[in-house]
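The values are calculated or read from the model by the stated rules, or taken from the named source; none is laboratory data. Just so we're clear, the structure is a prediction, and the values are computed from it rather than from any experiment. Reconstructed Cβ throughout: ideal geometry from the backbone, glycine too, with neighbour counts over all protein chains shown. SASA here: full protein model, heavy atoms, side chains in, ligands and nucleic acids out. Shrake-Rupley method; radii C 1.70, N 1.55, O 1.52, S 1.80 Å.
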Amino acid sequence: MEALDIRRTARAISAVENHAGGAGEIVRKAYRAARYVPVVGVTGPPGAGKSTLVDRLAVHWADRGEKVAVLAVDPTSPFTGGAVLGDRFRMERATGHPLVFVRSLASRGQLGGLSGTATDIVMVLGDLGFDRVLLETVGAGQTDVAVGMVADAVMVVTVPGLGDHIQAAKAGILEIGDLYAVNKSDLAGATAVAGHLEANLDLVYPGSAGRNAPHGSGTPQYGNPTLRRRHGDATDALGFWRPPVLMARAREGGGIDALADATEDFLAWSRETARYDDRVAERLRFQILRATQGRLMELCLAADGEGDVDLVSLAGEIASGAVSPDEAAERLIEQWVRRASNRDA
Ligand SMILES: Nc1nc2c(ncn2[C@@H]2O[C@H](COP(=O)(O)OP(=O)(O)OP(=O)(O)O)[C@@H](O)[C@H]2O)c(=O)[nH]1
Ligand SMILES: [Mg+2]
């Protein structure tokens, strides 16, 4: 089997992450190769054992011959100070495996931007020959949204001892998981956590109580539209996915095979029902808009100073309370469009 070129991979990813010279060409080449590899997102509260779990899962798939890339998003902001990277993402088994590449990405507080860059990086990893990407993010509000944006399958990790389960439900974890892992199930209270999760899932997936497999018929229900788009409706026997809840003991390696199998089951279901394609298409639409935003900014910057409206005067108007930044942007764009159409005429 062909070995991983770790250094080449690391260089390519650094270039894309830092928007360094050559990054544009690397990314364009990757999109042209169009090798879409499954991305498994693993999210959950700090200390839940996400890294330990990802370490185990990466080795699980690598032992089966897959080339696995692990991306760990470091949510450390300049304001909160730094966690020590080596500690947060210690993945000893994976790092030592010849078929696994491990890399952390700094989020720099730009979550929308991060998911865009992460999507590009995933494409580059596909082009470099990886077969699967594992993405660890700490579940804290918006990072959840970001992982849902980048990943084809989202695994939400919970643990006993967090206390308020209603709080967890409010934080939106029930809206992002394609599967749930109750880790540290060697500790007391794990069964209760799983029970709470199942009960909450009964509420957000009406008509699906008591079944993980899509069999039988429920009463017509109309749940959360986002979830219906992602997982279908309980009345639709084959087109419905009820996220399973599985127990894990990542530290000792318990429950890993079952989690990996459930992830594969979800990805297979997702492909069969074309929901996989829907997610990819949604992501690509976001990438187009992101690129459009960047391009528009470049164009306006390049033309700055050529018309009556320029950045310096607009900033002055904002400072004096005459306009808001979005009104200023509107004027800048209008001027650019006007000048461009005059040029074309
Ligand atoms: N008891 C028990 N501890 C575990 C288990 N899995 C992981 N841990 C421990 O939990 C602690 C945190 O594990 P990590 O894998 O770093 O957790 P994390 O969610 O990645 O943490 P952050 O990235 O900092 O949010 C470590 O001390 C692990 O050894 C488990 O199954 N049982
Ligand atoms: Mg971690």
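Structural remarks
- Pairs meeting the criteria (first residue in segment 55-69 and assigned by TED's automatic domain parsing to the domain that holds R251, second residue open to solvent by less than 10 Å² (accessible area, probe 1.4 Å) and assigned to a loop (DSSP other than H, G, I, E, B), beta carbons under 8 Å, at least 6 apart or on different chains) are D55/M91; D55/A250; R56/A250; A58/M91; K67/F130; V68/F130; A69/F130.
- Residues in segment 261-313 that are acidic (D, E), assigned to a helix (DSSP H, G or I) and surrounded by fewer than 11 Cβ atoms within 10 Å (Cβ to Cβ): E298 alone.
- Scan of segment 148-171 for residues that are within 25 Å of R279 (Cβ to Cβ), in contact with a helix residue (DSSP H, G or I) (Cβ under 8 Å, 6 or more places away or on another chain) and either exposed (fewer than 15 other Cβ atoms within 10 Å of the Cβ) or at pLDDT 80 or above (or both), ordered by number: M149, V150, D152, A153, V154, M155, V156, V157, T158
- Picking from residues in segment 5-59 that are among the hydroxyl-bearing types (S, T, Y) and under 15 Å from T117 (Cα atoms), the one that is farthest from ligand 2 (Cβ to nearest atom) is Y31.
- Reported count of residues in segment 96-113, each being within 16 Å of ligand 2 (Cβ to nearest atom) and either open to solvent by 20 Å² or more (accessible area, probe 1.4 Å) or at pLDDT below 95 (or both), is 6.
- Checked against (1) open to solvent by 70 Å² or more (accessible area, probe 1.4 Å); (2) assigned by TED's automatic domain parsing to the domain that holds T119, R339 passes all but a single condition, namely (2).
- Leading residue by the ranking (nearest to E252 (Cα to Cα)) among those in segment 60-95 that are more than 13 Å from ligand 2 (Cβ to nearest atom), open to solvent by less than 50 Å² (accessible area, probe 1.4 Å) and modelled with pLDDT of 90 or more: H60
- Matching residues in segment 231-260 - criterion: being within 12 Å of V182 (Cα to Cα) and either within 16 Å of ligand 1 (Cβ to nearest atom) or open to solvent by 30 Å² or more (accessible area, probe 1.4 Å) (or both): V245, L246, M247, A248, R249, A250, G254, G255, I256, L259
- When the test is whether a residue is free of Cβ contacts under 8 Å to residues at least 24 places away in the same chain and assigned by TED's automatic domain parsing to the domain that holds L99, G22 passes it.
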